[in-house]
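Input: a single structure, listed below in structure tokens.
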Amino acid sequence: MSDSVRVPRPPIGTFEAANAVELAVAERSGFVENRHVGSAVVLGQDGERVLAVGDPDSLVLPRSTMKPFQAVASIGAGAALDPEQTAIATASHAGTAEHVALVRGILGGIGMDASALRCPAALPADREAREQMLRSGGSASPVFMECSGKHAAMLAACAANGWTTADYTDPRHPLQQHVKDVVERLTGEKIAHTAVDGCGAPVFAISLTGLARGIHRMASASEQSPFALYRNAAHVHRSAREHPWAISGHGRPDTVLMETLGGYAKAGADGVMTMSTADGATVAVKVLDGSVPAARVSAVALLAAAGALDKASAADALERMDTTIPGGGAPVGRMRPVV
């Protein structure tokens, strides 16, 4: 072979379908229409692995399930946020007036407005809020984008340190380097790859096991810890649990799960889901086809299978979350776990 010919290395990526297991199915009129495969891991309240399916040690892009780590980093870098503002910093919110008020409050506290946000412009995800905005002559804005709380918190951290703000989403920016350090410390893993998330901020590839470990460490952290990292982690986790409406929206699945089960729930785009119970048991799921509903029902079922949730509570959570599949304007099936 000529020295000038190079064999290309395979692209870095997540686990392959051959290493995945069936986690959930979508059933329509008694017919299994879709089968959703993936990987998952459950950690007990002591942080030890109690259940694993598929390949939870391969890398995933955690997407919005990384937001609580980013919020810990922003607060650790000096962002002064009250509990509700802290909750919105972890949110994939619906863009209601209440959500937007929190985001504007963070920005106003540092003398900025929505024009400083580097997330894309969007319309509110909440239908009522979207229709009201359009009737009033409004238009898409970064402040309505579901990640605007995270971005506002990042700007607050930049303002506290005198860091530049026009480039705060650049992976080389001091803030993003700090976020990377926090993610590594909470997950116990070195970052293997950096990608660009849908909102424009960096997202770091970690394993599902590392993701679960990081969420578990937040769930079990104490605000009286001698270490600032864990004090901040406990503050972020408590703020989200105490204000579940802020991290998503009234009636939306993650908020419903938190209100029903009393723990923590956070989905990420493209089939990622994390949950922790009140006593710290934690699950992380990745569904290969990117179905977030499949990841959510799987997470609940896996916690029950591991004994971290009683089966009645899990069934109630799935019912309240509304996993029905419509046909002709009426329910004709549902997304259901198979684990």
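Toward the positive end of the charge dipole of the range 18-337, with +1 on the Cβ of Lys and Arg and -1 on the Cβ of Asp and Glu, the farthest Cα among Pro174, Met218, Val53 is that of Pro174. For the range 157-236, the list of chymotrypsin sites (Phe, Trp or Tyr not before Pro) that fall in a loop by DSSP and count at most 16 other C-beta atoms within 10 angstrom reads Phe227.
Taking the Cα centre of the chain as reference, the dipole from Cβ charges on Lys and Arg (+1) and Asp and Glu (-1) amounts to some 300 debye.
Since only Met273, Val41, Val196 are under comparison, the one whose Cα sits farthest along the positive direction of the charge dipole of the chain, derived from C-beta charges on Lys, Arg, Asp and Glu, is Val196.
Taking the DSSP bridge list for the range 18-337 and keeping only pairs wholly inside it, about 100 percent are antiparallel. Under the combined filter of DSSP loop state and at most 12 neighbouring Cβ atoms within 10 Å, the range 173-256 retains these GluC sites (Glu not before Pro): Glu223. Sequence-distant contacts, meaning Cα pairs under 8 Å at least 6 residues apart, place the relative contact order of the range 5-85 at 23 percent.
Within 10 Å of each candidate Cβ there may be at most 10 other Cβ atoms; applying that plus a DSSP loop requirement, which GluC sites (Glu not before Pro) in the range 33-117 survive? Passing both the DSSP loop test and the Cβ count: Glu48. When the alpha-carbon atoms of the range 18-337 are used, the pair Rg, Dmax equals 18.8, 60 angstrom. When the Gaussian network model of the chain links Cα atoms closer than 10 Å, the mean-square fluctuations of Gly44, Gly327, Gly149 top out at Gly327.
Counting only residues at least eight positions apart within a chain, or on another chain, the lysines with an alpha carbon under 26 Å from that of Lys311 are Lys266, Lys286.
Springs join every pair of Cα atoms under 10 Å in this Gaussian network model of the chain, and among Ser64, Ser139, Ser148 the largest mean-square fluctuation is at Ser139.
Using C-alpha pairs below 8 Å separated by at least 6 residues, the relative contact order for the chain is 23 percent. Report the one residue of Ser115, Thr255, Gln132 whose Cα lies farthest in the direction of the positive end of the charge dipole of the chain (charges on C-beta: Lys and Arg +1, Asp and Glu -1; origin at the Cα centre). Of the candidates, Ser115 comes out farthest on the positive side. By the count of other C-beta atoms within 10 Å, a proxy for reagent exposure, Thr260, Thr194, Thr65 are ordered fewest to most as Thr194, Thr260, Thr65.
The value of relative contact order for the range 49-150, using C-alpha pairs under 8 Å at least six residues apart, is 31 percent. Between the C-alpha center of the range 221-265 and that of the range 93-107 there is a gap of 17 Å. For the chain, the mean residue ellipticity at 222 nm estimated from helices alone is -12000 deg cm²/dmol, where every DSSP H run of n ≥ 4 contributes -39500 (n - 2.57) and the total is divided by all residues, rounded to the nearest 500.
None of the figures in this text is laboratory data; all of them are computed from the coordinates on show. Note that the structure is a prediction, hence the values are computed from the model and not measured. Neighbour counts run over all protein chains shown; Cβ positions are idealised from the backbone, glycine included.
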